[in-house]
Every structure is written in structure tokens, then in C-alpha cells.
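Take a look at the structure below.
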Amino acid sequence: MAVPKRRTTKSKRNMRRMHIFIKEPTLVTCDKCKEQKLPHTVCSHCGYYKGREVIDVLKQDKKSSDKKSSDKKKTEEKEQPIGMGNMSKKK
Ligand SMILES: [Zn+2]
């Protein structure tokens, strides 16, 4: 098995990882309630999509939207190496 001769420095490692981060999600404003929502999705606030009601928000408040969104937040914690990567590129 090939073994690296030199340890990768913090600088080189961070330069390599400069593009590895979770981007901020694109958000659009809902036409119905003016709330921020993901594009091409049903608004979780009012339950409308393309001007018609898809989800009855008043009945399904607790079940659907809350659990799914909390799972996604766990993956967003890897964002730290951004700053160091940016510093090393500017030379
Ligand atoms: Zn809405």
C-alpha cells in the first residue's frame, strides 16, 4: 500500500477542503404568507403551493414539518474549516 512520505500540513489540508462546506439554502418568499421557503416546495407555514392549498397546516402542525427539519440541522455542523481555507488562498 502506498504511504505518504510527508504529513499534509494544516495549510494544504485546509486549501483542499476550501470548497467542502454546506451552502446556505436558497430561499424564496411565499406568495401567500410572505414567509421564507425553499423554492419548488410547498410552504410549510401556510401549506400553499402554486396558489392552491396542498397541506392542511392547522391539522398537521406537529407531525410532518418539525421532525424532518430537525434531522437536517445535525449535518450543518461541519462548516468550521471555511475560515482557515479562505485565509490560505489569498496569498
Ligand atoms: Zn406560505
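Since every read-out is calculated from the coordinates, none of them should be taken as a lab result. In this text the structure is predicted, and so the values were computed from the model without any measurement. In this analysis, Cβ positions are derived from the backbone assuming ideal geometry, glycine residues included, and neighbour counts consider all displayed protein chains.
Extension gain Val54-Phe21, at 0.36 nm per residue separation less the Cα-Cα distance, in nm? Before the final figure, lay out each step's value.
Working: separation 33, 0.36 × 33 = 11.88 nm, distance 3.33 nm.
Net length gain for the segment: 8.5 nm.
How charged is the neighbourhood of Leu27? Take every other residue with its Cβ under 10 Å from the Cβ of Leu27, and add Lys/Arg as +1 and Asp/Glu as -1.
Numbers: positive: Lys37; negative: Glu24, Glu35.
Net charge around Leu27: -1.
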